[in-house]
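What follows is a single structure, written as structure tokens, with notes after it.
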Amino acid sequence: MPLTKAEAALLARRTGMAIEDFTWRNNGILTLLNDEKTRACVFLLTASADINAEGMCSVYEVRPQGCRTYPNVLDHNDKVILDEGCPHKAQFPVPTEEDAIVLLNLEEQLLREE
Ligand code: SF4
């Protein structure tokens, strides 16, 4: 999941972790790291590496905007869609133009911070 520098700083303050311990650069974009054992986000409380395993976000109150808007994602044409990889996408409404604008603004900010 991508995140802004400000979101990373907030997570660092709340968790006491160094930013380098929970992020990496994916093609220049700051991105949440996955845990080596569970292969899920380092902040997901889960004991399983199963992609559909139950888990709980340990930083839910301060999770990045990309987490808040998921499973809405932009496709290659900057059209907002529900992420094909989300096992629960049928439970979410069809994304709107407002959802697209939120994601496009986030994308612009992330690209500026590259
Ligand atoms: S919602 Fe929480 S556990 Fe899920 S990707 Fe975001 S920070 Fe990680």
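Please indicate, with yes or no, whether at least one residue in the stretch 62-77 is within 29 Å of ARG14 (Cα to Cα), aromatic (Phe, Trp, Tyr), within 10 Å of the ligand (Cβ to nearest atom) and touching a helix residue (DSSP H, G or I) at 6+ places or on another chain (Cβ under 9 Å). There is no residue in the stretch 62-77 that is within 29 Å of ARG14 (Cα to Cα), aromatic (Phe, Trp, Tyr), within 10 Å of the ligand (Cβ to nearest atom) and touching a helix residue (DSSP H, G or I) at 6+ places or on another chain (Cβ under 9 Å).
Output the residues belonging to the stretch 48-62 that are touching a Ser or Thr at 6+ places or on another chain (Cβ under 7 Å) and either surrounded by fewer than 13 Cβ atoms within 10 Å (Cβ to Cβ) or closer than 16 Å to PRO87 by Cβ (or both).
Residues of the stretch 48-62 that are touching a Ser or Thr at 6+ places or on another chain (Cβ under 7 Å), as a first pass: 48-49, 53-55, 59.
Passing the criteria: SER48, ALA49, ALA53, GLU54, GLY55.
If you filter the stretch 5-30 down to residues that are surrounded by fewer than 18 Cβ atoms within 10 Å (Cβ to Cβ) and of a type in the set (S, T, N, Q), you find that the one that is farthest from TYR60 (Cα to Cα) is ASN27.
In the stretch 102-114, the residues that are more than 11 Å from PRO2 (Cβ to Cβ) reach residues that are modelled with pLDDT of 95 or more and not in a loop (DSSP other than H, G, I, E, B) with C-beta atoms within less than 9 angstrom, at least six apart or across chains, in these pairs: VAL102/GLN65; VAL102/THR69; VAL102/ASN72; VAL102/VAL80; LEU104/LEU74; LEU104/VAL80. Within the stretch 61-74, residues that are of a type in the set (Gly, Ala, Ser) sit with their Cβ atoms under 6 Å from residues that are outside any loop (DSSP other than H, G, I, E, B) and within 11 Å of the ligand (Cβ to nearest atom), at 6+ positions apart or across chains, in these pairs: GLY66/PRO2.
The values are calculated or read from the model by the stated rules, or taken from the named source; none is laboratory data. Please read these numbers as outputs of a predicted model, since none were measured by experiment. Heads up, the Cβs are rebuilt from the backbone with ideal geometry, glycines too, and the neighbour counts pull from every protein chain shown.
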